[in-house]
Each structure stands twice: as C-alpha cells, then as structure tokens.
Amino acid sequence: MKAFRVTREFPLALRLLLINQFGIDIGFYILVPFLAAYLGQELGMSDALVGLVLGVRNLGQQGLFLLGGSAADRLGPRAVIITGCALRTLGFSLFAFGTTLPVVLGASLLNGLAAGLFYPSARAYVALEAGDRKAEAFALLNVYATIGSLIGLLLGSVLIRADFRLCAVAAAGVYALLTVAQAMVIPDRPAPAAADRSTVLGDWLEVFGNRRFLLFSLATTGMFTVENQLCLLLPAGAKQASGWEGAAGVLLGAGAVVNLFQMPITRALERHGGGSRWVGGGLVVMGLGFVPPLLICADGPPDGARDVVPRMLVMLIGSLLLFVGTMVAHPAVLEMIPRFGRETLAGTYFGLFYVFAGLTAAGGNAVVGWTMDIGKQYECPWLPWTGCVAFGLSSALAVTLLYRTRMLPDRPGTSAMEGTVIPSGLPERSGAVAAEAGTGPAGPTAEAVGRWEVGLFGRARLPGPGRAVDKAREKPPR
C-alpha cells in the first residue's frame, strides 16, 4: 500500500516513531474502551466512582501536556517519550493486579501522566525530523494510529471474553516492548544549549503571548469536538438505526479502509497549496458528516433488513464524510503548529495545543451528551446532530477568517519583497544590490533576477504593482 511505501522515504528515526505510534494505539485500545464496564460490573463501583477514575486520567493528561512539551524542548523528545511509555506500562500493570479504589486511581493517574508526556514530545520529534514534509509525516502518523486502534479493539474484544486482566497484561506487555525498543533504537536529538534557552516560565509566557497561535487553537476546537463523536454520538445513532450493539464497528471498519487513502489525499492537497488553505474545507466536510444521520434520527425502531440496510448506508455516508474531513484537516493542523514560533519551542506549542484540544473535547462531549438527553426528554432527536453540524461549520468559519486575514503562518521558503513574488529557487537580493543591478547602463543583468518575477514560458519580467502572494502558484508540485 502507498502509505507503507512512503514510510520508507523518511529517515529511520521517523519510521521508528510511526511504528511506535502504531504500538501505542494497539496497547491503548486493548484496554481503555473496556475499562468503564470492568470498574462498574466486575469491581462493583458506582457510576460516580467510575466517573472519578476516568476523570483522574483526563486530569493527569491535561495537566501534564504543557509540562511534557517543555520537557521535550529542554531534555530532548526521546527521553520524554521513553518515560511516558514506561509510566503507561506501570499504569496498565496496576490495572491487571489491583482491585481497590486507591490502586485503580493510581493506575488511572499514571496513564494520564504518560499521555501528557508522550503526545507533545512525539509530535515535536516528528515535526523536527520531517523537515518540509511535515504534512505527509503527520498524515502517516494518522494512518498508523487508526490501524493500531482498530487492531487493539479487535484484540481487546477477544481478550475481554476471558478476563479483563488479560487485556491489562497484554496492554502492559505492548508498552513494555515499546519502552525497551525506543531506548535501543530511537536516536536522540540534542537539546538546545543552555545559553540559547530562556526559563520555563519565559517559554510559557512567549507561547501564551502568541496571539495568532491562541486564536488558531481556539478556532480548531470544533475539530476535536466533532471528531470525538466517533465514540459517542455516531455509535448511538448506528445502534438506533440498526438495533444492533455492534453497529459502531461497521462505521469504524469503513473508516479504517478509507484511512488507507490518507497519503494520496494529503499529496493532492500539497500540490494545490497545502497547509492552511485546506483546513477550513476539511472542517466543513466534518460538520456536514452529521447531516445524513440528521435525516433519519427521528425514525422509529427498524423493522427487519429492509429498514436496517438503507439506514446503515445513511450512517455510513455520514461517518465517511467525518473521516474524510479529518484526513484533510488534521495533518494540516498539526503541520502548522510548530511554525507559529521558534523551532526550539515545538514541544511547548504542541503541549499547549493539546491542552486546548483535550479540554474542548471533554467539554464538547459533555454538551453533546446533554443535548442527547434533552433530545430524548423533549422528543427532539435532531438536537445533538444539529449541534455537531454547528460545531464543525463554526470552526471552519473561524479558521477561514484567520486564513483570509493572514493570521496563519507561511511555509518556510515563501517570501515576498515590496509586493513582488520571489519564486522558489531564485535567490532573494538585497534592496541595494537589486537597485544597482536594475539601473545600470547595460540594463537589468543576472544580478537583478532575484528581484524579478518569472513570467509565462520562463521569461523574466520586471515587477509590476504590488499584489498578494498566491502560495498555490508559488509552490511547485512535489
């Protein structure tokens, strides 16, 4: 498959991180989707205690994202990634052998802390290693994560039939292997010299003071809210449409197949401007993914296969739109994050971004869950679906406004001078050299080419009046 062929084009360190992400998602999905049922049914915990255990994991995760990103910037991402995997090994092991509330709370906290260390540091490492192919690297990361999550769910579904502890032991084993493998094979990236660093507080103030980055983080919150409905609203809609508990697996399986086309989609977008140009469009598609289910949400229980098949086709169309929109927007969003500031603060930028993402995903899920309850109570089942459409389209509008007002970062290598376009591959001259070269008695010389534009059929022409830079024209096809 093309995604795996493209993987070989990247440096060894990046390939190892992709395999690592694959293993991370296998281990996570072997256990976590079945945790709530285990706590409530086998350990006999109340709904409040189950919510507490799951909430502690989210709290530890959100609280450490920023610290994990800063640690990656100062210590190098390799050490932080390995520490995160080791902590998750310990946390999953506690789930296997502990049954009391304090032990389970400790295991949940360790798993949250592990995610807070791993995610920003791994993304920072990918951004630093990928060079000018960040969008493709993050697209591959999405492919490996999706395939890993589905394999993890399948393994977990088999193991849970025997015992939840088997799921926990298997997940801990996966993370233990990853910890050892990373320590042995992932090369280290040297941390910035002490003389080149400010204090941690200074780094945070710099990132929090980046108004463009904060606006972008807020604008993309709708993406994470609607993306999380693959685990909440869409499974509920699929169950209602089919009357079958496992209907959500059909949607996820179809999404995994579509995800295999991630690389052709990303490369096609790269050839037509890439990056910030397509985020808004991807968010629109994500929001529109909730329109097909909206059309059938008021239908009653299905009456045999003649009702189930067309309704599931409608649900499938909606989920595929959500997957395709995510494939368009998500790699482009991650590719832009490190370009808002200094390269040496990539981890901190990713850490703060994931703080926003996690908080808004949790808040968005709470809002969607509330609208689902209100919809049942007052017989307006369209309410949560309409809300998700609004989340997606409002986020798309916000990102588009940032793009139109040039609040999003330009790609490296794009430059403009006095309103002219400097084509890729031509040196940019200083104003003095360009003026001297352009006004000599012999007319324009080769020295002045850096200030000229390239016209049709490769002929050089003098710059006309200042005009906006069109990045789609400026960037040649890959």
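3J(HN,Hα) along segment 312-324, derived from phi through the Karplus expression 6.51 cos²θ - 1.76 cosθ + 1.60 where θ = phi - 60°, amounts to 5, 5, 5, 4, 5, 4, x, 5, 5, 4, 5, 5, 5 Hz, with x in place of Gly and Pro. When the charge dipole of segment 208-412 is built from unit charges on Cβ atoms (+1 for Lys and Arg, -1 for Asp and Glu) and taken about the Cα centre, the candidate among 328, 278, 385 whose Cα reaches farthest toward its positive end is 278. Classify segment 208-412 as rounded, prolate or oblate, taking a ≥ b ≥ c as the square roots of the eigenvalues of its Cα gyration tensor: rounded when a/c is under 1.5, otherwise prolate if a/b is larger than b/c and oblate if not. Here segment 208-412 falls in the prolate category. Of the peptides 389-398, 356-365, 46-55, the ranking by mean beta-carbon count within 10 Å, highest at the top, reads 389-398, 356-365, 46-55.
Under Stokes-Einstein, with the Kirkwood radius over Cα pairs as Rh, the value for segment 60-108 at 37 °C and 0.692 mPa s is 277 µm²/s.
About its Cα centre, segment 1-187 has a charge dipole of approximately 360 debye under the convention of +1 per Lys or Arg Cβ and -1 per Asp or Glu Cβ, with nothing else charged.
The spread of Cα positions in segment 69-157, taken along each principal axis and listed from longest to shortest, comes to 49, 35, 13 Å.
Here segment 191-277 is assigned +1 on the Cβ of each Lys and Arg and -1 on the Cβ of each Asp and Glu. Its dipole about the Cα centre then comes out at about 280 debye. A Cβ-based charge dipole, computed about the Cα centre of segment 208-412 with Lys and Arg at +1 and Asp and Glu at -1, lands at about 820 debye. Dipole orientation for segment 1-187: of the candidates 111, 141, 54, 141 has the Cα lying most toward the positive pole (charges on Cβ; Lys, Arg +1; Asp, Glu -1).
For residue 343 and residue 299, a Förster radius of 60 Å and the Cβ-Cβ distance give a FRET efficiency of 0.70, rounded to the nearest 0.05. Highest average first, the peptides 374-383, 117-126, 260-269 ordered by how many other beta carbon atoms sit within 10 Å of their residues are 117-126, 260-269, 374-383. Ordering 400, 361, 249 by the projection of their Cα atoms onto the charge dipole of segment 208-412, which places +1 on the Cβ of Lys and Arg and -1 on the Cβ of Asp and Glu, puts 400 at the extreme positive end. Shape class for segment 1-187, computed from the alpha carbon gyration tensor (a ≥ b ≥ c): prolate, with a/c not under 1.5 and a/b above b/c.
No lab work stands behind these numbers, since they all come straight from the coordinates. Being a predicted model, the structure only gives us computed values, none of them experimental. Neighbour counts run over all protein chains shown; Cβ positions are idealised from the backbone, glycine included.
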